[in-house]
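Below you'll find the structure, written out as structure tokens, and then a few comments.
The values are calculated or read from the model by the stated rules, or taken from the named source; none is laboratory data. In this text, all values refer to a predicted model and were calculated from it rather than measured experimentally. Virtual Cβ from ideal backbone geometry, glycine too; neighbours counted across all protein chains shown.
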Amino acid sequence: MIRLFFDWFSFVGGCSFKYSKNISVFFKWTRHVASLHVIVYLSLLNVNAQDTIKSIDLGEISIIDSSINNDFSTKQSGSLINRGTIEKIESSSVGDIAKFVAGVTLKDYGGIGGLKTISVRGLGSQNTAVIYDGVSVSDQASGQIDLSKFSTNNISQVNLANGQKFSLLQPARALASANVFFIETLKPEFDSLENIKLAIKSTYGSFNYLNFGLNTAIKLNKIWTSCLDLDITNTLGNYPYTLRYGYNDNDSTSKERRKNSDYFAFRGEWNAFAAWKNKTDLKLKAYYFYSDRGLPGSTTLYYQNSKQRLWDESFFLQGVFTHHFSNKLSFRNHSKANYSMVHYLDPNVFNISGKQDDKYFQKEYYTNNVVMYRLGKNFSTSITNDLVYNTMTSSQAFNAMPKRFTSLSGLVASYNNNKFELNANLLHTFSSDNSIFNTSPIFNNHFSPFLSIGYTFKETLTISVFYKDVFRMPTFNDLYFNIISPPTLRPEKAEQFNLHLAFAKDFGIYHSTFLNISIDAYHNNVKDKLVAIPNKNLFIWSMINFGKIEINGLDFQSSIRFYLPYSLDVTLRGTYSLQMARDKSDILSTKYNNQIPYTPLHSGSLLLSIIHPFAELSYSVTFVGDRYVLIENIERNRLKPYQDHTIMVSKTFELKKHRFNIGLSCLNLLGKQYEVVRYYPMPLRQFRINLKMNLK
């Protein structure tokens, strides 16, 4: 078994050397780390070999860390995708999973290395907070979080909460955004005779795509557990596409291949878990991400020779500490220190140096303290406070050196008697901005209320409503990007109204049939929306506050699981979203009542899974309707609708108590060319083979 492990590792390494000059350094380091864990594994095997007590294999049980997870209430508007569903979706990153969440619009700039950001209910990616294992992921420069940085190899679930999650022990940042996207990783659990777990995954596919993942977990003692997760992705990204020389179907075309689209990424993550007497628990995380990618640019007329490069590096340390003083009083601290660097190079710029070579450095120091107190059997309250300090420096000439201090303070109350549930909070935001352009600090204050009321009828039908006020500060890029003097921008404000209906029932037909249905109707008002417009030319843009946007929509999601004869386990999951996001700024304007850019009127997904003891089959499709790339809803600005079909077949078997899985998948099954973002074509049909080993 150990020899098989090293043979597999060597094969992956050989493939990687072929396609990237960067991977050799990372792969050697990874190999040493893996070898160290294997040595520990062998030593533990020897210890266990001397144990003459007969053992019984109880199987593997995964329990999500209690310090970051709360049950997802049926009265909560949102969507949850668990580990079982994630494994049925062919994905390279969390961004691929987000496409199956109702109300989410994914922006994808093409290929494995393309930036992947989400917008929920037409509010923009900056209005969606991303929480990774209880602590927020932030980017004060752009306000957008690239979900391609998070692999699905160690993800237990993703959870979108519209408005916010009903939890009393959460940071204030989770209360400040219009929507919250939670990403939670697996916590290993051991039986009484286990001390170590080892899982390996490798994927090879079209266009020289390679992914290798390694996960090891060690039970150090009764208190501490340590887990290491490594992930390497590499591809040339040279997929074919059709270049159109115009907007009409009868215009000239040519067959081309995507150039300068190579991508290499390394992600390393270490987690440590500790628990003392069910009163205190601690989770520590160290995360490192590095990527080197080519930027192929847009496929505008005759332009295919981009040589732009982008290097991205992120490192953070975070911890979540929880202590329960009693059944009534609890305390939690979230802390984080973050460093990130973005390096952009364009060697074909006509300036004095003959190139554009910019580096941007960000630092963040963050801490949150929250205290919860139960006043009775059904009523609880908490006080939460975030303190955040952000800085950004740059190598470019217009370096404003901005600094921002933010304090978020929230008073939260909750009443829940199982049938009736009320959640409310009042959040205060204070911020102070400094830069070399500011003669004195710029202060902002705002109070944001939230109220949700829900009721469950006969344990099957739930109805709830919520209202939320949202306040968003301009990002550093909005204020200071490549300009001599900063603009005067007002914070963006939004109001959310939501009606949520949910139905869940176990029909008990042939081993049981489970049905879940939820429908959400919502209305959002956005004032002083921050948008970019051309200034002197298409290469110099300015940020302005843009009037008023009204968004009305409907989210529908359902899932049904039933069992059939011949040991067939069938699950069907579907989503549909209707988003009418209209510009209401000026009734006299020709753009009045037009759909805002890149927001489809219709979108949805379907996932079918069939499990049999012999093999598993999953089929998925996502569809997106017409979108417009600019606020003017004319034919020239229209992006055509598309469907993306994927099919996957896998087989699991055991050999000497070790579990193996082999899977074959086909992405974009119909081989249709489509664009999520104009002039950034997505890959055509591609094939992948997945190999997994779980060693005991």
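Worth pointing out:
- Residues being surrounded by fewer than 16 Cβ atoms within 10 Å (Cβ to Cβ) and touching a residue at least 60 places away in the same chain (Cβ under 8 Å) - total across region 244-280: 1
- Residues being under 12 Å from the mean Cα position of the chain (by Cα) and either at positive phi or not charged (D, E, K, R) (or both) - total across region 145-172: 11
- Candidates in region 110-119 are the residues that are within 13 Å of the chain's Cα centre (by Cα) and touching a residue at least 60 places away in the same chain (Cβ under 8 Å); of these, the one that is farthest from residue 341 (Cα to Cα) is 119.
- The residue that is farthest from residue 249 (Cα to Cα), among those in region 653-668 that are among the polar types (S, T, N, Q) and assigned to a strand (DSSP E or B), is 661.
- Some residue of region 414-434 being over 17 Å from residue 473 (Cα atoms) and of a type in the set (Val, Ile, Thr): no
- For region 576-628, the set of residues classified as among the polar types (S, T, N, Q) and more than 30 Å from residue 83 (Cβ to Cβ) consists of 585, 589, 590, 593, 594, 595, 599, listed by residue number.
- Matching residues in region 376-404 - criterion: being in contact (Cβ under 8 Å) with a residue 40 or more places away in the chain, of a type in the set (A, V, I, L, M, F, W, C) and either surrounded by fewer than 17 Cβ atoms within 10 Å (Cβ to Cβ) or more than 29 Å from residue 443 (Cα to Cα) (or both): 398
- Residues within region 354-375 that are under 30 Å from residue 307 (Cα atoms), buried (at least 17 other Cβ atoms within 10 Å of the Cβ) and of a type in the set (A, V, I, L, M, F, W, C), tallied: 0
- The residue that is surrounded by the fewest Cβ atoms within 10 Å (Cβ to Cβ), among those in region 567-615 that are of a type in the set (D, E, K, R) and closer than 27 Å to residue 518 by Cα, is 569.
- Filter pass, residue 675 being loosely packed, with under 15 Cβ neighbours inside 10 Å, among the charged types (D, E, K, R) and assigned by TED's automatic domain parsing to the domain that holds residue 121: no
- Set 469, 478: member being closer than 30 Å to residue 386 by Cα, in a strand (DSSP E or B) and within 24 Å of the chain's Cα centre (by Cα): 469
For (1) in contact with a helix residue (DSSP H, G or I) (Cβ under 7 Å, 6 or more places away or on another chain); (2) on the phi > 0 side of the Ramachandran plot; (3) at pLDDT 95 or above, each residue gets a yes or a no:
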{"site": "279", "(1), (2), (3)": "no, no, no"}
{"site": "297", "(1), (2), (3)": "no, yes, no"}
{"site": "340", "(1), (2), (3)": "no, no, yes"}
{"site": "346", "(1), (2), (3)": "no, no, no"}
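- Scanning region 637-676 for residues that are polar (S, T, N, Q) and on the phi < 0 side of the Ramachandran plot returns 637, 643, 646, 650, 652, 661, 665, 673.
This table checks each residue for (1) within 29 Å of residue 601 (Cβ to Cβ); (2) β-branched (Val, Ile, Thr); (3) in contact with a Lys or Arg (Cβ under 9 Å, 6 or more places away or on another chain).
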residue: 647; (1), (2), (3): yes, yes, no
residue: 654; (1), (2), (3): no, no, no
residue: 657; (1), (2), (3): no, no, yes
residue: 661; (1), (2), (3): no, no, yes
residue: 667; (1), (2), (3): yes, no, yes
residue: 679; (1), (2), (3): yes, no, no
residue: 685; (1), (2), (3): yes, no, yes
residue: 696; (1), (2), (3): no, no, yes
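Let's see how each residue does on (1) of a type in the set (Phe, Trp, Tyr); (2) in contact (Cβ under 8 Å) with a residue 12 or more places away in the chain; (3) under 20 Å from residue 672 (Cα atoms); (4) part of a strand (DSSP E or B):
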position: 600; (1), (2), (3), (4): no, yes, yes, no
position: 605; (1), (2), (3), (4): no, yes, yes, yes
position: 608; (1), (2), (3), (4): no, yes, no, yes
position: 617; (1), (2), (3), (4): no, yes, no, yes
position: 622; (1), (2), (3), (4): no, yes, yes, yes
position: 631; (1), (2), (3), (4): no, yes, no, no
position: 643; (1), (2), (3), (4): no, yes, yes, yes
position: 647; (1), (2), (3), (4): no, yes, yes, yes
position: 651; (1), (2), (3), (4): no, yes, no, yes
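- Within region 128-144, if we keep just the residues that are closer than 25 Å to residue 433 by Cα and modelled with pLDDT of 90 or more, the residue that is farthest from the chain's Cα centre (by Cα) turns out to be 135.
- Some residue of region 276-285 being aliphatic (A, V, I, L, M), part of a strand (DSSP E or B), touching a Phe, Trp or Tyr at 6+ places or on another chain (Cβ under 9 Å) and over 28 Å from residue 690 (Cα atoms): yes
- Residue in region 405-425 that is touching a residue at least 12 places away in the same chain (Cβ under 8 Å), loosely packed, with under 15 Cβ neighbours inside 10 Å, under 24 Å from residue 339 (Cβ atoms) and of a type in the set (A, V, I, L, M) present: no
- Test: residue in region 386-405 that is more than 30 Å from the chain's Cα centre (by Cα), hydroxyl-bearing (Ser, Thr, Tyr) and assigned by TED's automatic domain parsing to the domain that holds residue 516: no
- Residue 344 meets all of the listed conditions (1) under 27 Å from residue 280 (Cβ atoms); (2) surrounded by 15 or more Cβ atoms within 10 Å (Cβ to Cβ) but one, namely (1).
- Test result for residue 687, in the same structural domain as residue 602 (by TED's automatic domain parsing), in contact (Cβ under 8 Å) with a residue 24 or more places away in the chain and of a type in the set (A, V, I, L, M, F, W, C): yes
- The single residue among 261, 330 that is touching a His at 6+ places or on another chain (Cβ under 6 Å) and in the same structural domain as residue 108 (by TED's automatic domain parsing) turns out to be 330.
- The residues listed here are 204, 241; of these, the one that is part of a strand (DSSP E or B), over 20 Å from residue 154 (Cα atoms) and touching a residue at least 12 places away in the same chain (Cβ under 8 Å) is 241.
- In region 495-539, residue surrounded by the most Cβ atoms within 10 Å (Cβ to Cβ) [restricted to those that are of a type in the set (Asp, Glu) and modelled with pLDDT under 95]: 528
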